[in-house]
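First comes the structure, then the notes that go with it.
The values are calculated or read from the model by the stated rules, or taken from the named source; none is laboratory data. The structure presented is a predicted model; accordingly, all values stated were derived computationally and were not measured. Glycine gets a Cβ as well: all are built from the backbone with ideal geometry, and neighbour counts include every protein chain shown.
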Amino acid sequence: MGEGSKSLQADERAQEESAAGPGRSVSKSHLVNRLNYLNFQDQTILVKLRHKSYDNSIFLRARPHPCAGERLECFWVETPSLKQLLKAYDFDYLLIPDGKKYLLVNSELVSMSEEKIDLVLPVTCHQFQARVIKRHPGAGISVELAQHGALFHGDLIDFTPVSLRATGNSDHPKTFQWINPEMTVYLQLLKGDALLYSGDFEILSQDSKEQARSFVLKQLHSNIHRFKSKKYRNIRQQLS
C-alpha cells in the first residue's frame, strides 16, 4: 500500500454473509494446506476486525506463517495507524482465498499486537463462492486507473473485501482500446484530494457502452510486501 493508503471500510448492515451464511463445511486439513500454500506463494489473507462500540468493520491484510494444524500466526502487512486501530477494534474472523472460492474461518483469538495476530484454528470452516459476498457502495470515491500510459478516470461503484467495480466516461474512446485486459492495471482510490488506496489489480471483467466503461478488478495480493523477500522459502507442510 502507499503511505497514505487506508483499509476500505463498510457499515455492518452491508457486511458480507456471516459465518452461518451459505457455503459448505471444509475440514481443518484443507484449511491448513491452503494456508501453507499461501505462505509458500508469499500471499496474504484478510482479517476482519469489528469496532468495539459501533456497527462498523474493517478488513486488514496479513501474511500467514507456516501452520502445523492448531495455531496460526499471521504478520500484518504494513498498515497506517495500526496501533490506533487495534485499540478500537476486536478480531472477528478470517477470509482466505481458495482458488475461485473463499474460506470464512471463525478462529479463537490468542493475542493481537502491532506486529502480528495469533489464533487457534477451528475444526471446520465454511467455503463459498465470491459472489455471495455482499457489495458495499463506494459513494464519493473517485478512481484513477492506469496501464502503459493509458489513464482512465471514474468512480468507485461498489466493493467487497476481494474485488471492486469502477465506471467512468472518456472523451477519447480509443483510450479504452489501449487497456489490455490480460495485463494488470495500477489503481488509485481518492476521496477528494486524499489518497485512500493504491495498488496493482487484475481485470476480471469489463463492460462498455458508447463512451462509458466499467471494470471489475481484483487486487494482486503478492504486490503488497512488508518484509524483504525470503532468500529461502519455508518448507511446505501438508496434512495427510
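Remarks
- Qualifying residue in region 87-95 (condition: part of a loop (DSSP other than H, G, I, E, B), surrounded by 19 or more Cβ atoms within 10 Å (Cβ to Cβ) and out of contact with any Ser or Thr (no Cβ under 9 Å at 6 or more places or on another chain)): no
- Residue in region 53-70 that is within 19 Å of the chain's Cα centre (by Cα) and among the hydroxyl-bearing types (S, T, Y) present: yes
- Selection count, region 83-99, where residues are among the charged types (D, E, K, R) and in contact with a helix residue (DSSP H, G or I) (Cβ under 7 Å, 6 or more places away or on another chain): 1
- Of the candidates C125, C74, the single residue that is surrounded by 19 or more Cβ atoms within 10 Å (Cβ to Cβ), touching a helix residue (DSSP H, G or I) at 6+ places or on another chain (Cβ under 6 Å) and in the same structural domain as V32 (by TED's automatic domain parsing) is C125.
- The residues of region 58-71 that are buried (at least 18 other Cβ atoms within 10 Å of the Cβ) and in contact with a Cys (Cβ under 9 Å, 6 or more places away or on another chain), listed by number, are A62, R63, P64.
- Tally, over region 39-73, of residues that are more than 28 Å from Q84 (Cα to Cα) and not in a loop (DSSP other than H, G, I, E, B): 1
- Filter result for P181 (modelled with pLDDT of 75 or more and either in contact with a helix residue (DSSP H, G or I) (Cβ under 9 Å, 6 or more places away or on another chain) or part of a loop (DSSP other than H, G, I, E, B) (or both)): yes
- Residue selected from region 26-57 under the condition β-branched (V, I, T) and touching a Cys at 6+ places or on another chain (Cβ under 6 Å), by the criterion nearest to V105 (Cα to Cα): V26
- Verdict on L82 being hydrophobic (A, V, I, L, M, F, W, C), at pLDDT below 85 and farther than 30 Å from L204 by Cα: yes
- Some residue of region 106-116 being under 21 Å from Y197 (Cβ atoms) and of a type outside the set (D, E): no
- For D155, the conditions (1) touching a His at 6+ places or on another chain (Cβ under 9 Å); (2) modelled with pLDDT of 85 or more; (3) not assigned by TED's automatic domain parsing to the domain that holds R61 all hold with the exception of (1).
- Of all residues in region 1-47 being over 21 Å from L119 (Cα atoms) and basic (K, R), the one that is modelled with the lowest pLDDT: R13
- Cβ-Cβ contacts under 8 Å between residues 6 or more apart (or on different chains), taken from a first residue in region 99-112 that is assigned by TED's automatic domain parsing to the domain that holds S27 and assigned to a loop (DSSP other than H, G, I, E, B) to a second residue that is of a type in the set (S, T, Y) and at pLDDT below 95, are listed as N106/Y93; S107/Y93.
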